[in-house]
1. Every residue in region 122-141 that is surrounded by fewer than 18 Cβ atoms within 10 Å (Cβ to Cβ) and within 17 Å of ASN172 (Cβ to Cβ), please.
2. Hey, does region 91-103 have a residue that's at pLDDT 60 or above and at positive phi?
3. Just the residues that are small (Gly, Ala, Ser) and modelled with pLDDT under 95, please, taken from region 174-194.
4. Scan region 254-268 for residues that are surrounded by 22 or more Cβ atoms within 10 Å (Cβ to Cβ) and either in a strand (DSSP E or B) or aliphatic (A, V, I, L, M) (or both) and jot them down.
5. Given the criteria surrounded by fewer than 21 Cβ atoms within 10 Å (Cβ to Cβ) and in a helix (DSSP H, G or I), does THR271 qualify?
6. With at negative phi, at pLDDT 95 or above and crowded, with 22+ Cβ neighbours inside 10 Å as the only criterion, which of MET197, MET205 stands out?
7. What's the number of the condition GLY119 fails, among (1) surrounded by fewer than 21 Cβ atoms within 10 Å (Cβ to Cβ); (2) more than 20 Å from SER85 (Cα to Cα); (3) of a type outside the set (A, V, I, L, M, F, W, C)?
8. Go through (1) in contact with an Asp or Glu (Cβ under 7 Å, 6 or more places away or on another chain); (2) hydroxyl-bearing (Ser, Thr, Tyr); (3) under 30 Å from PRO224 (Cα atoms); (4) in contact (Cβ under 8 Å) with a residue 60 or more places away in the chain for THR114 and report which single condition fails.
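The values are calculated or read from the model by the stated rules, or taken from the named source; none is laboratory data. Owing to the predicted nature of the structure, the values given are computational and were not obtained by experimental measurement. Cβ placement follows ideal geometry from the backbone for every residue including glycine, while neighbour counts extend to all protein chains displayed.
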Amino acid sequence: MLYRIPAHLALTLCAVAGLTSAEAQTQTNASTQRAPAQQDLGPRWLLPTSFEDKGWLVTIKGNLVVSPNFPGSNQYSFIGYPTLSVRRTNDPSRFGAPDDGLSIGLYGDEPHWTVGFIGRYQQGRYVSDNGGLAGIQDARWAAEPGVYGEYWLLRDQVRLRGEVRYGFYGYNGFVGRLGADVIQNWGKFAVSAGPRMALGGSDYMNTYYGVSAADAQNNGRVTPYKADPGVVSIGAAAAAYYVINDNWSTTVYANYDRLVGSAQASPIVKTFGSPNQFTFGTMLNYSFAIGKPPK
C-alpha cells in the first residue's frame with residue numbers, strides 16, 4: 001500500500017474546497033420546512049439541531065480514501081485531504097451519498113426532484129503507477145463537469161440519480177453515471193446502499209482502456225486494442241453515517257465496480273490490473289456556526 005497525493009490532485013482539492021461553499025441549495029418552491037442545522041453529507045434526520053437561528057454552518061471535513069492506482073488497476077493506494085463547506089443554517093439541505101461528487105443543486109420541486117451541476121475528477125494512468133506500463137503513453141487525469149438529476153421515489157428513503165459529464169484535459173468526450181440509493185435511519189445512525197452503472201464514450205474508453213499500435217510495440221506485453229463506447233462498469237455503493245454530537249459526525253463507505261465489455265477486455269486490465277475495482281473511504285466532520293441569525 002502506497003501513500004501518494006499527485007501534484008495535480010492538490011489543485012483539484014483546492015478547487016473543491018472553494019466550490020463546496022456553493023453546495024447550499026436555493027430552492028424557492030420548497031414545500032416542507034426542514035431542520036436548520038443540516039449538513040450536506042448525510043440524511044437530514046441524522047444532523048444536530050442546536051445551530052437553530054445561527055448565521056452560517058461551516059463544516060471542515062477530513063477525508064481518507066483507498067482506491068485503485070489507475071482505472072482497471074489491481075494495485076491500491078490511499079490519499080488524505082481536507083475539504084470545506086459553508087451554507088446558511090436555514091437553507092435546505094439534502095441527502096448526499098459519499099460518491100455523489102461535487103453537486104450544486106440549481107432547481108427542483110423539493111422534496112421530489114432536483115437538477116443541477118456536477119463535477120468529478122478522473123484520475124489518470126502513469127508509468128509511476130505500475131512499472132509494467134513502461135512504453136505505454138500516460139493517460140492524463142481529467143476534469144468532468146456536467147449536469148445531474150435526482151428523483152425521490154419515496155421521500156428520504158429511495159432516490160434515483162443520473163449524470164451526464166464532459167471530460168477535458170485527459171480526454172475529450174462524454175461519460176455518464178446511473179445509480180439508486182435506499183436509505184434507512186435509526187436515530188443518529190443511518191445507512192445507504194444501492195446499485196451503480198458507469199458509461200463511457202469512445203474517447204474516454206480509448207484513453208484509459210485502449211492500446212495504440214505504438215504503445216503495444218514499445219511495451220511488448222500488450223497488443224493493440226480499440227475500446228468501444230458503452231457500459232464501463234456495474235456495481236454497488238454502501239455507506240454508514242453517525243452523528244457523534246452537535247459538532248462531530250463521521251461517515252464510512254465502500255464501493256465495488258465490476259468492469260464489463262470493452263473495459264474488461266482491455267489488455268491493460270488483463271495484463272496489469274483486474275476487472276474488480278474497490279474503493280473504501282472515511283470522513284470525519286466538524287461543524288460549527290458563525291455569524292448572525294439569518295433574516
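1. Kept after step one, since they are surrounded by fewer than 18 Cβ atoms within 10 Å (Cβ to Cβ), are these residues of region 122-141: 126-128, 131-132, 134-135, 137-138, 140.
Across region 122-141, the qualifying residues are GLN137, ASP138, ARG140.
2. If we filter region 91-103 for residues that are at pLDDT 60 or above, which is where we start, we get 91, 93-103.
Adding the requirement that they be at positive phi leaves 101.
Looking through region 91-103, at least one residue is at pLDDT 60 or above and at positive phi.
3. Those that are small (Gly, Ala, Ser) and modelled with pLDDT under 95: GLY187, ALA190.
4. ASP257, LEU259, ALA263, ILE268
5. Yes: the conditions hold for THR271.
6. One residue alone meets the criteria, MET205.
7. Result: GLY119 passes all but (2).
8. (3)
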